[in-house]
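Written out below as C-alpha cells is the structure these notes cover.
No lab work stands behind these numbers, since they all come straight from the coordinates. Computed from a prediction, not measured in an experiment: that's the story for all the values here. Heads up, the Cβs are rebuilt from the backbone with ideal geometry, glycines too, and the neighbour counts pull from every protein chain shown.
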Amino acid sequence: MTDTFRSGFIALIGRPNVGKSTLLNAILDQKIAIVADRQQTTRNRLLGIKTFEHAQMIFVDTPGIHSPRHALGESMVRTAEEAMQDIDVIAFVTDADKRDEDLAIIALFRKLKTPVLFVLNKAETKSPSEISDIIHTYGDLFPFSAFLSLSALKVKGIGFLLEKIKGLLAEGPKYYDDDTVTDQYEKSMAAEIIREKIIKNTSEEVPHAVAVEIQEWKEKKKGLVSISAAIYVEREGQKGIIIGKKGELLKTIGSQARRDIERLISSKVFLELWVKVKKGWRDDKKMLQSLGYR
C-alpha cells in the first residue's frame, strides 16, 4: 500500500537578508534564486518546486518584509504579505539578529489560521545554548507548529525541515511535472543573474537602484544565444560606477553573468549589456509594471 500523496504551497517569510533565497536553493539542490549579502536582493515572488515519490512541495520565496521608502519597496512588501494568503504552510525564517523587526511579521501571523514553522537559519554561527535561548524566546511570542535550526549555507538540517513540512500538508494533487523546479522563464532568470553580478561587484546605494531588462533574446546558429540587456540606474554617477574605469567593471559583470546564464540554458551565450539612466524609476509605477514588479 502506497502513502497518500501530499502537496501544498509553502511561503518562506522573514526579514531581508536572513537567507530565504539561500534556503530555497539548498532545498532544491539547484540555484534558481539569486543570492547576495545585501538586503532586499529578492524583489518578486519566486516559485521553487520540490517533488518526492509521495509529495510535492511548492515553495514561494518572497522579498524580505521591511519598511518601504519607495514604490518598489511597497511592491516588494505587498508581494510578501500577499504570499501568505491561500498558503498551506508558512516557514518563518530568521537569524534572530533583529528581533524587534520580527515582531511586526509575527503580528501578521496572528490574523491567519495557517501553521507556521519557526526556522532559525545560520545556526552554524550560534552555540547550542544560544539556539535554545532563541527558541525559548520566540516560543513565548507565538504558538509555532515546530521549531527548527539549520544552516542553509552549509546545507544542514534541510531534510528535517522537509519532513516537518510534509507532515503538515494535506492530501493533494501533483501540480507540476517531476522535472519542474521553478515557474520562472529563462529570460527573467537571466535578468536576475545579471542583477546578482551587479550587486556582488558594487556597493553603497548602487545595488538598490538597479533593474535589469532583457531586450533581445535570439537563437543563433550552432547553438549560440545572443542576449541584449538594459541595466537601469537612477543617476549618472551610478552609471559610471557600473561601467567602471575604461569599462572594466561592466566587462567583469558581463563575463560572470554570461557563464552563469550558459549553465542555466546549456548553451553558448553572447551577452551585450547597456547601462541607461532612468531617474526615479523605483517610484515610476508604469516602469515597475513593465519590469514585472507588481
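From the square roots a ≥ b ≥ c of the eigenvalues of the alpha-carbon gyration tensor of segment 79-236, which class results: rounded (a/c under 1.5), prolate (a/b over b/c), or oblate?
Details: a/c = 2.16, a/b = 1.59, b/c = 1.35.
Cα axes put segment 79-236 in the prolate bin.
Using a cut-off of 20 Å between alpha-carbon atoms, which lysines can reach residue 279, once sequence neighbours fewer than 8 places away in the same chain are excluded?
239
Give, as ranges by residue number, the residues of segment 195-233 whose backbone N falls under 12 Å from the point 7 Å along Cα→Cβ of residue 186.
Hits in segment 195-233 for residue 186 at 12 Å: 217-220, 223-227.
Evaluate E = 1/(1 + (r/R0)^6) for residue 140 and residue 174, where r is the Cβ-Cβ distance and R0 equals 41 Å; express this FRET efficiency to the nearest 0.05.
Numbers: r = 39 Å, r/R0 = 0.95.
So the FRET efficiency works out to roughly 0.55.
Taking the Cα centre of segment 192-267 as origin, work out the dipole magnitude from +1 charges on Lys and Arg Cβ and -1 charges on Asp and Glu Cβ, in debye rounded to 20. Write out the running numbers ahead of the final one.
On the way: 15 positive and 12 negative charges, 105 e Å.
Computed about the Cα centre, the dipole is about 500 debye.
Let me have the relative contact order for segment 136-294, percent, based on Cα pairs under 8 Å that are six or more residues apart.
Values: 170 pairs, mean separation 30.8, N = 159.
For segment 136-294, the relative contact order is 19 percent.
Can you list the GluC sites (Glu not before Pro) in segment 160-206 that are in a DSSP coil and have 12 or fewer other beta carbons within 10 angstrom? All intermediate terms of the calculation are to be shown ahead of the outcome.
Details: sites: 163, 171, 186, 192, 196, 204, 205; in loops: 204, 205.
Sparse-neighbourhood loop GluC sites (Glu not before Pro): 204.
Checking the cross-link filter: which aspartates and glutamates have an alpha carbon closer than 16 Å to that of residue 200, excluding same-chain neighbours under 8 positions apart?
Of all the aspartates and glutamates, those that pass the test against residue 200 - Cα under 16 Å, at least 8 places apart if same chain - are 37, 192, 248, 260.
Can you list the lysines whose alpha carbon is less than 23 Å from that of residue 166, not counting same-chain residues fewer than 8 positions off?
20, 31, 50, 113, 122, 154, 156, 174
Work out how much length residue 219 to residue 236 would gain on full extension: take 0.36 nm times their residue separation and subtract the Cα-Cα distance, in nm to one decimal.
Details: separation 17, 0.36 × 17 = 6.12 nm, distance 3.29 nm.
Once the chain is fully extended between residue 219 and residue 236, it gains 2.8 nm.
Could you check the simple spin-label distance between residue 104 and residue 277, using points 7 Å along Cα→Cβ, in nm with one decimal?
For residue 104 paired with residue 277, the spin-label model returns 3.3 nm.
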